Amino acid sequence: MIAPDLDCGIAALRNLIADARKVVPFTGAGISTECGIPDFRSPGGLWTRNRPIPFDEFLARQEMRDESWRRRFAMEENFGGAKPGRGHTALASLYRAGKILALITQNIDNLHQASGIAAQHIIELHGNTTYAVCLDCRERYELPWVKEQFAASGGRAPDCRCGGYIKTATVSFGQAMPAEAMQRAEAAAKTCDLFLAVGSSLVVWPAAGFPLMAKQHGASLVIVNREPTGLDAYADMVLRHDIGDVLEPFIEA
Ligand code: NAD
Ligand code: ZN
């Protein structure tokens, strides 16, 4: 069912949240566009201008690792200062109210953490771009250190002291999905009574399988996205509106 208008949709969502014991939000790039980070499909955005570097190419060639870090630092100049938006803040309010025990996100921008949700309650399916890890020993590296090494060597991606390659802690095309995050997301989807998909086109698999999994296990499915998604037909309610406008009334000081 598509909510007839914004106010009716918000009222219905308020009832569903009040009745739910366990809400699991599932967020995509759309929740961060009002923070100035373009989503995947916006024309001319950083994500579409460059062909993403597949994982095997990152591993195979130093030039690809250099290029990947060059892009990352260019991105930092554009989005490094992004702050949580109304959607993030509203979900953080529901979290503080005890409604949300776990949040699943496809985003890599760290804005749910920045909004005040504890890291251990955030399930990142595609990792996080605000820090880096060694692909071999999993040692964590902070971006300012990588940037310093990168600049000092004239644009060469640094390696770990163990010799492994250092990469942002994100999941690239062709890289395995993180097993633990996938398991936790599955458990959250199967045990919630309200699954709230926000700002995702729901076409990227396997991530888009979670809303269906929740539905099959008895949860209500609500989709908030201004464009139609791949799963609208399965939803109990679809709010085709701006995410910030829909979620702003749920912000509690
Ligand atoms: P997507 O780009 O496929 O879909 C985003 C959806 O959000 C679109 O359907 C769009 O209509 C909608 N949308 C955008 N702004 C909105 C707003 N203000 N109100 C309502 N709807 C809005 O994004 P996806 O499904 O998350 O898949 C993209 C992939 O790329 C993800 O897997 C993610 O890892 C990565 N990505 C991450 C970020 C980020 O971390 N912020 C940004 C871009 C891409
Ligand atoms: Zn290492």
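Annotations
- Taking the criterion of being open to solvent by 70 Å² or more (accessible area, probe 1.4 Å) and either part of a helix (DSSP H, G or I) or not acidic (Asp, Glu) (or both), the residues of segment 224-253 that qualify are Arg226, Pro228, Ala233, Tyr234, Arg240, Glu248, Ala253.
- Residue within segment 144-157 that is polar (S, T, N, Q), free of Cβ contacts under 8 Å to residues at least 12 places away in the same chain and part of a helix (DSSP H, G or I) present: yes
- Only one entry in Gly163, Gly174 is in contact with a helix residue (DSSP H, G or I) (Cβ under 8 Å, 6 or more places away or on another chain), farther than 30 Å from Ser220 by Cα and part of a loop (DSSP other than H, G, I, E, B), namely Gly174.
- Hey, Arg161 within 16 Å of ligand 2 (Cβ to nearest atom) and either farther than 22 Å from Ala74 by Cα or hydroxyl-bearing (Ser, Thr, Tyr) (or both) or not: yes
- Sole exception among (1) surrounded by 15 or more Cβ atoms within 10 Å (Cβ to Cβ); (2) out of contact with any Asp or Glu (no Cβ under 9 Å at 6 or more places or on another chain) for Gly81, by number: (1)
- Leu101 being assigned by TED's automatic domain parsing to the domain that holds Gly199 and within 30 Å of Ala208 (Cβ to Cβ): yes
- Taking the numbered list (1) open to solvent by less than 60 Å² (accessible area, probe 1.4 Å); (2) outside any helix (DSSP H, G or I); (3) within 16 Å of ligand 1 (Cβ to nearest atom); (4) over 30 Å from Ala12 (Cα atoms) in turn, Tyr141 passes all entries but (3).
- Members of segment 188-223 found to be free of Cβ contacts under 8 Å to residues at least 12 places away in the same chain and part of a helix (DSSP H, G or I), listed by number: Gly209, Gln216
- Residue count for segment 102-138, restricted to those that are part of a loop (DSSP other than H, G, I, E, B), at positive phi and more than 16 Å from ligand 2 (Cβ to nearest atom): 2.
- Looking across segment 73-94, just one residue is in a helix (DSSP H, G or I), of a type in the set (D, E, K, R) and modelled with pLDDT of 95 or more, and that is Arg86.
- Among the residues of segment 1-35, those that are in contact (Cβ under 8 Å) with a residue 40 or more places away in the chain and assigned to a loop (DSSP other than H, G, I, E, B) comprise Met1, Ala3, Ala20, Arg21, Lys22, Gly28.
- Gly116 vs. criteria over 13 Å from the mean Cα position of the chain (by Cα), modelled with pLDDT of 95 or more and either farther than 15 Å from Val24 by Cα or of a type in the set (Phe, Trp, Tyr) (or both): yes
- Arg65 being at pLDDT 95 or above, surrounded by 17 or more Cβ atoms within 10 Å (Cβ to Cβ), basic (Lys, Arg) and not assigned by TED's automatic domain parsing to the domain that holds Asp245: yes
- Arg51 vs. criteria charged (D, E, K, R) and part of a helix (DSSP H, G or I): no
- One residue alone among Val171, Val146, Val133 is touching a Phe, Trp or Tyr at 6+ places or on another chain (Cβ under 9 Å) and within 12 Å of ligand 1 (Cβ to nearest atom), and that residue is Val171.
The values are calculated or read from the model by the stated rules, or taken from the named source; none is laboratory data. Note that this is a predicted model, so its numbers are computed, not measured. Because the Cβ atoms are built from the backbone with ideal geometry, glycine has one as well, and the counts that use them run over all protein chains shown. Surface areas here come from the heavy atoms of the whole protein model, side chains and all, with no ligands, DNA or RNA. Shrake-Rupley method; radii C 1.70, N 1.55, O 1.52, S 1.80 Å.
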